[in-house]
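Take a look at the structure below.
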Amino acid sequence: MTEASVYRPETDDVITFAVEAPANAILREEVGAVEFLQFVQLVQQHWVLSGETPATRSPGLHHNVSNTCTVRADEWDEVVRVHLKGCFAMTKFASIYWRSARQGGRLIYFTSSAGIRGGAGQPNYSAAHAGKIGLMLSCANALGRYGVTANAISPGASTRMTDRGRAVNADGPAPSLSAAGTAMDPYNVVPPIVFLASDPGGSITGRVIGATGNKITMWREPQWEASIYYEHPTWDVDALFEVMPTTLGAGQWPATPSHFP
């Protein structure tokens, strides 16, 4: 049978067909939201090529892993509940104490590069971690008067969780077993956390600290890159269409179907 394409509904219909799953298959409805995200990550890293390099893709093989089209409402809620609401629940009562004690404090979240840049195929995970950054910034602004700092760590290391997301020989040892003493040792994530929690760390608040390998980086919240002004108090739509491509829109990603297969 045929049905409209979920990616390009304006094109011809696509052919759908039933697939008989083996006895030990993992079915979609049997996988929870968090585990499903892990499978999406595996597909991204081991099968689907980046959309930014269409020249390297086989023209006969196209697959869009944009989970936005398929994620269920309960999967969205579960991931947001675990990652974002989990931070809120802890922060709420810590904030009550800090406001009462007025002796300072340190709030440190763990976020992800998916929350900073947006992970393709991980809309709920990316949104939850971006929400953590927004919550952290709100707390930095609200709790600073009580001597409380708020920051987030974006870690990168070789762990049991990343073993499933790397090109690993299933029959060989997991990379995390030999990570100790290397640049990808999870220990490398600890020193910046210790510093942020210390008295000298009180000079840093409202920041995302990246800890990947032996490199420590600092991110800032989005900032204005450029501005354009109109000669009148309100913008004319036609005028904006005329100047936008050569000003703020110059050099940006082309919003064409070839860029987002």
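General remarks:
- Contacts under 8 angstrom Cβ, first residue in segment 126-140 being more than 17 Å from VAL82 (Cβ to Cβ), partner assigned to a helix (DSSP H, G or I), 6 or more apart: CYS139/THR91; CYS139/SER95
Residues are listed down the side, and each one gets a yes or a no for (1) of a type outside the set (D, E, K, R); (2) within 30 Å of ASN151 (Cβ to Cβ); (3) free of Cβ contacts under 8 Å to residues at least 24 places away in the same chain:
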site	(1), (2), (3)
THR205	yes, yes, no
VAL208	yes, yes, no
ASN214	yes, yes, no
ARG220	no, yes, yes
TRP224	yes, yes, yes
TYR229	yes, no, yes
ASP238	no, no, yes
THR247	yes, no, yes
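- Filter result (under 17 Å from GLY105 (Cα atoms) and either among the hydroxyl-bearing types (Ser, Thr, Tyr) or modelled with pLDDT under 75 (or both)) within segment 160-219: SER198, SER203, THR205
- Evaluation of ARG117 against the conditions (1) at pLDDT below 90; (2) more than 16 Å from GLY210 (Cα to Cα); (3) not in a loop (DSSP other than H, G, I, E, B) shows that the sole unmet condition is (2).
- Qualifying positions in segment 181-218 - outside any helix (DSSP H, G or I), crowded, with 16+ Cβ neighbours inside 10 Å and out of contact with any Leu (no Cβ under 8 Å at 6 or more places or on another chain): MET184, ASP185, THR205, ARG207, VAL208, GLY210, ALA211, THR212
- Single condition ASN214 does not satisfy, out of (1) touching a strand residue (DSSP E or B) at 6+ places or on another chain (Cβ under 7 Å); (2) more than 22 Å from ILE96 (Cα to Cα): (1)
- Search result, residues across segment 91-117 that are closer than 22 Å to TRP219 by Cβ and surrounded by fewer than 14 Cβ atoms within 10 Å (Cβ to Cβ): ARG117
- In summary, ASP236 fulfils each of the numbered conditions (1) in the same structural domain as PHE110 (by TED's automatic domain parsing); (2) at pLDDT 90 or above; (3) surrounded by 11 or more Cβ atoms within 10 Å (Cβ to Cβ) with the single exception of condition (1).
- Applying the criterion of being surrounded by 10 or more Cβ atoms within 10 Å (Cβ to Cβ) and farther than 30 Å from ALA152 by Cβ to the residues of segment 219-233, the residue that is nearest to the chain's Cα centre (by Cα) is ILE228.
The values are calculated or read from the model by the stated rules, or taken from the named source; none is laboratory data. Note that the structure is a prediction, hence the values are computed from the model and not measured. Note: ideal-geometry Cβ built from the backbone for every residue, glycine included; neighbour counts use all protein chains shown.
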